[in-house]
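Written out below as structure tokens is the structure these notes cover.
The values are calculated or read from the model by the stated rules, or taken from the named source; none is laboratory data. Bear in mind the structure is a predicted one, so any value in this text is a computation, not a measurement. Glycine gets a Cβ as well: all are built from the backbone with ideal geometry, and neighbour counts include every protein chain shown. Accessible surface is based on the protein model in full, side chains and every heavy atom, while ligands, DNA and RNA are left aside. Shrake-Rupley method; radii C 1.70, N 1.55, O 1.52, S 1.80 Å.
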Amino acid sequence: MGLRNFRDGRASPEGRAQQPRSPRSGCTGAAPLVLLLGLVSAPAIPAASHARGTAGTTAGTNAGTTAGTTLGRWTYAFALYGQARYPEGFPHYDFVNPDAPKGGTLTLSNPDLRSSFDKFNPFTLSGEAPRGVELLTFETLADPSPDEPATMYGLLARAMLIAPDFSSITFQIDSRAHFTNGDPVTAEDVKYSFDAQTGPAAAPGWASQFDGVRGAVILDPRTVRFDLKKPSRDQIFLLGTALAVFSRKWGQDADHGPKPFEQIVTEPPIATGPYTVGEARAGRYLELRRDPKYWAQDLGVRRGFFNFDRIIYHYFADGATRFEAFKAGDFDLIKEYDPKRWATQYEGERFAMGRIRKASLADQSGVYFEGFLLNQRRTVFQDARVREALNDSFDGQWLARQRFGLASRVLGLFENSPFAATGRPSSAELQLLLPYRGQLPAAVFGPLPENPRTDTGAYARRANLLHARDLLNQAGWTLGPDGRLRNRQGQTLDFEFLGDDLGSEKVITAWQRNLERLGIHVTYRVVDPAVYLSRIQNFDFDAIRMSLGNFLVPSAALMDSFLSSQNALLPASNNYMGAHNAAIDQALAAMSQAQTMGELVTATRALDRVFVCEHFAIPLLYRPFSDVAYWDRFGIPERAPRFFSIDEGYGTLPWPLETWWDKSVQ
């Protein structure tokens, strides 16, 4: 179901750019629910334990022949590392109610800040496609299990054949699979879908996730092989779980034949998903209708799923309006991103009587980086000492207090997981890093630096600012008589922070005060989302805020799109910071080539260590819980899948859309 909004910088309700959904080797989700004492009224959701920091993986696990993954032979499943949990022919996932009734309506709000839409084709660059269409009308060749990390089971493909050296994967299409127009899914459709999503008309991020694919080869009407440029487990997993399949008749004109892909705009998709587009009013309303002839409803990976006859999205421009509409009953479920609102406003008669229930859901997934990205294409940010000084000036403890102590500060790329760097580099990490010793900060080879703190004493904030001043002086920036920092050429140290909403205003204002004390002037410019998107795609910014989302197993493709030197030179790529670092490129290559979980952990920790020590960005906060409230209208399975999301669906389909049901339906 394709790489999502991280690639084009669109924002979630928190004002965050979102991570790609499709590399479900880097899934977003949460563990089974945990009630957070003191904040949660008793919801009708089962509680479960939460093991913090495991991210569902064991660092020492070795890869090889696994249950359901026999290399060189046809198989029903593939586990990126380790074993597939479910046997061949399993009747349904353990976390579903296979007898859940069908019917009723689920009403939602827009799950991100796309407050409008003007097309149904999510794969092209121009315009805005509604999130629900992306999630529920398209399917992939394999289903990424929400109950285990980085394991996929055949969906459109009834079987997969993976070359022993991971240089190719072949898919055999299920003969039962058909599009909403009744046509069977063929290998030709799969190849057409791949060519469209990697062609010149596609948004760059779609193509970048398949950079490692040489091409698709049709072997027979129901069999297609993808050859890779070099062996890669991650790329094989992406082909199974990221390639959206649609009919080559989508957008076809009866009189003039197929349209160019970029001209397929408002035509509803001809695909295989469980829902089709119903009524739609741009910027206000989207209705999706369950397809009663959905081809996969009895498959093990789909039984108990997609129980609502209708899913409706109402669109809101801001979080405050959205919250008031939820309390009024205009829609059924909300994920709250504002901790102050969660702590102080989710109360009243409806909550006390249990008509609205709320819960904080413990997150067992890892957390990718969230923070302020500094565009190193700007001369002022090319010196690591300047970047470190900016981090020293940021008061993370003040921000945590604004979040009522409910969040912790991010350090690097892989928070809350065993993939994050810790302590000193291991011998295996050093093998990757030592060839670049002369190009890296000395801190890379010592204990991992921590974020500066301001809660360690009365003068902690002043000490941080003094250290920042020393770093700036070393970098050639000195304080002039006018109180402004200037370099030898007399230029002042100024930069602009670009946003597409006012969600970061309070944080930026607090940071501005500290920066002004150093002689640095920052302006905060808020622009229309369309202008924002255009500017970041053209790297026309100094600093922006971004979150990459969550993961189960880090995606090499995602990290490559975010950090590789090659992508730094690619227009409209996801390397917004302009990172250009040989050691990072080596670590990214090691991630892509990892044959065991241990090798992957070594690569991610080396990558994380360089990222932290180079001070590429200013870390913000993460919360290992999702705060959710919902009207008491739903039947909910006895247990949640191990990993899930609530509204965005980045990495997994949103849990309520997947397996909840209308409890008024008998």
Taking segment 319-342 on its own, how many of its residues are hydrophobic (A, V, I, L, M, F, W, C) and surrounded by 17 or more Cβ atoms within 10 Å (Cβ to Cβ)? 6
Selection from segment 347-362 of residues that are open to solvent by less than 10 Å² (accessible area, probe 1.4 Å) and either closer than 30 Å to Phe495 by Cβ or not aliphatic (A, V, I, L, M) (or both): Ser360
Report yes if some residue within segment 254-268 is of a type in the set (Gly, Ala, Ser), open to solvent by less than 60 Å² (accessible area, probe 1.4 Å) and in contact with a strand residue (DSSP E or B) (Cβ under 9 Å, 6 or more places away or on another chain); otherwise report no. no
If Gln489 satisfies all but one of (1) touching a Phe, Trp or Tyr at 6+ places or on another chain (Cβ under 9 Å); (2) polar (S, T, N, Q); (3) open to solvent by 60 Å² or more (accessible area, probe 1.4 Å), what's the number of the condition it fails? (1)
Given the structure, is Arg437 modelled with pLDDT of 95 or more, more than 19 Å from Phe394 (Cβ to Cβ), open to solvent by 60 Å² or more (accessible area, probe 1.4 Å) and assigned to a helix (DSSP H, G or I)? yes
Taking Pro200 as the residue in question, decide whether it is outside any strand (DSSP E or B), over 26 Å from Thr276 (Cα atoms), out of contact with any helix residue (DSSP H, G or I) (no Cβ under 7 Å at 6 or more places or on another chain) and free of Cβ contacts under 8 Å to residues at least 40 places away in the same chain. yes
Exactly one condition in (1) in contact (Cβ under 8 Å) with a residue 40 or more places away in the chain; (2) open to solvent by less than 10 Å² (accessible area, probe 1.4 Å); (3) over 20 Å from Arg642 (Cα atoms); (4) assigned to a loop (DSSP other than H, G, I, E, B) is not met by Ala129; state its number. (1)
Given Leu390, Leu333, which one is at pLDDT 95 or above and closer than 28 Å to Pro641 by Cα? Leu333
From Gly578, Gly549, residue being open to solvent by 10 Å² or more (accessible area, probe 1.4 Å), modelled with pLDDT under 85 and on the phi > 0 side of the Ramachandran plot: Gly549
List every residue pair whose Cβ atoms lie under 6 Å apart, where the two residues are 6 or more positions apart in sequence or sit on different chains, the first residue falls within segment 317-344 and is within 21 Å of Asp632 (Cα to Cα), and the second residue, located anywhere, is part of a helix (DSSP H, G or I) and of a type outside the set (Gly, Ala, Ser). Leu333/Pro656; Ile334/Phe326; Glu336/Trp342
List pairs: first residue in segment 295-307 and within 9 Å of Ala100 (Cβ to Cβ), second residue charged (D, E, K, R) and part of a loop (DSSP other than H, G, I, E, B) anywhere in the structure, Cβ distance under 9 angstrom, at least six positions apart or on different chains. Gly304/Asp99; Asn307/Lys102
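Rundown of residues vs (1) within 29 Å of Ala362 (Cβ to Cβ); (2) part of a helix (DSSP H, G or I), yes/no style:
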| residue | (1), (2) |
| --- | --- |
| Phe541 | no, no |
| Arg545 | yes, no |
| Leu570 | no, no |
| Ala590 | no, yes |
| Thr602 | yes, yes |
| Leu607 | yes, yes |
Give me the residue from segment 520-538 that is in a loop (DSSP other than H, G, I, E, B) and open to solvent by 60 Å² or more (accessible area, probe 1.4 Å) and, out of that set, nearest to Leu479 (Cα to Cα). Asn538
Consider segment 394-420. How many of its residues are assigned to a loop (DSSP other than H, G, I, E, B) and open to solvent by 30 Å² or more (accessible area, probe 1.4 Å)? 5
Total residues in segment 500-516, condition assigned to a helix (DSSP H, G or I) and either within 24 Å of Pro339 (Cα to Cα) or touching a residue at least 60 places away in the same chain (Cβ under 8 Å) (or both): 11
Going by the conditions given, is Pro231 under 30 Å from Ala594 (Cα atoms), in a loop (DSSP other than H, G, I, E, B) and open to solvent by 10 Å² or more (accessible area, probe 1.4 Å)? yes
Scan segment 140-148 and give yes if some residue there is in contact with a Gly (Cβ under 8 Å, 6 or more places away or on another chain) and open to solvent by 40 Å² or more (accessible area, probe 1.4 Å), otherwise no. no
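Residues are listed down the side, and each one gets a yes or a no for (1) of a type in the set (Ser, Thr, Tyr); (2) open to solvent by 30 Å² or more (accessible area, probe 1.4 Å); (3) under 22 Å from Ile618 (Cα atoms):
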| site | (1), (2), (3) |
| --- | --- |
| Thr422 | yes, yes, yes |
| Ser426 | yes, yes, no |
| Glu429 | no, no, no |
| Ala443 | no, yes, yes |
| Glu450 | no, yes, yes |
| Tyr459 | yes, yes, yes |
| Asn464 | no, no, yes |
Search result, residues across segment 622-666 that are open to solvent by less than 10 Å² (accessible area, probe 1.4 Å), part of a strand (DSSP E or B) and of a type in the set (A, V, I, L, M, F, W, C): Val628, Ala629
